[in-house]
């Protein structure tokens, strides 16, 4: 059976807990699934909101957790002091690059504009051939429905390709999402432009 390689999942999620209790519950469920599948977690390094709930649940379940946080945000986002590894970087770009290079797969959970930006950037990097790793969306309570409709709109209006849209795996269930990411074949794409992760 295919595996996520390396066996680490980068999760993008909010520094706030959100309005609905289901968001935090989903983070805790995802942490348990990571533990059951022997996967480690890479995330934004905070100890509050969705990030904190995910990290705390993962630590409690025995998951190795790496946080990556810019120095300027370490205080504002309350850097988690109980992680297996906390990486402090100089910029948001360096943060995202580190999280991308270390990941075997990506999952976006509910979050704010930063989470949406991280998701869209990592999808763009896949489209450009910068990486070939699977990308998933944990669509808790339909949170991402408007964004998914926008993706479909971009395809309809020929600003995006259907094949790129279909590479984004969507599920409401953490276990089913991980299974789908594991089963997702590596994208058969060639780099189209420069490798921005090396800049």
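Values in this text are rule-based calculations from the coordinates and carry no lab data. Here the structure is a predicted model, which means the values were calculated and not measured. Neighbour counts run over all protein chains shown; Cβ positions are idealised from the backbone, glycine included.
Modelled spin labels at residue 157 and residue 5, positioned 7 Å past Cα toward Cβ, are 4.0 nm from each other. Taking the inverse of the mean 1/r over every pair of distinct Cα atoms in the stretch 1-82 gives a Kirkwood hydrodynamic radius of 12.7 Å. Sorted on the mean count of surrounding Cβ atoms within 10 Å across their residues, most packed first, peptides 34-43, 123-132, 81-90 read 34-43, 123-132, 81-90. Give the separation of the Cα centroids, the stretch 25-94 to the stretch 108-161, in Å. When both Cα centres are located, 21 Å separates them. Taking 0.36 nm per residue of separation and subtracting the current Cα-Cα distance, fully stretching the chain between residue 172 and residue 16 would add 54.2 nm. For residue 165 paired with residue 75, estimate the spin-label separation in nm (one decimal), with each label point 7 Å from Cα along the Cα-to-Cβ line. For residue 165 paired with residue 75, the spin-label model returns 4.6 nm. Per residue, the average separation of C-alpha pairs within less than 8 Å and at least 6 apart gives the chain a relative contact order of 23 percent. Extension gain, residue 132 to residue 182, is 16.7 nm, computed as 0.36 nm per intervening residue step minus the present C-alpha separation. Axis angle, to the nearest 10 degrees, between helix 145-156 and the longest C-alpha principal axis of the chain: 20 degrees.
Treating r as the C-beta distance of residue 84 and residue 121 and R0 as 22 Å, the FRET efficiency rounds to 0.30.
Taking every DSSP helix (H) stretch of at least 4 residues in the chain, weighting each as -39,500 (n - 2.57) and dividing the sum by the residue count yields a mean residue ellipticity at 222 nm of -12500 deg cm²/dmol. Sorted largest first, the principal axis extents computed over the alpha-carbon atoms of the chain equal 44, 37, 35 Å. To test your reading of the geometry: what angle, between 0 and 90 degrees and rounded to tens, separates the Cα axis of helix 174-183 from the longest principal axis of the chain? Tilt relative to the chain: about 50 degrees.
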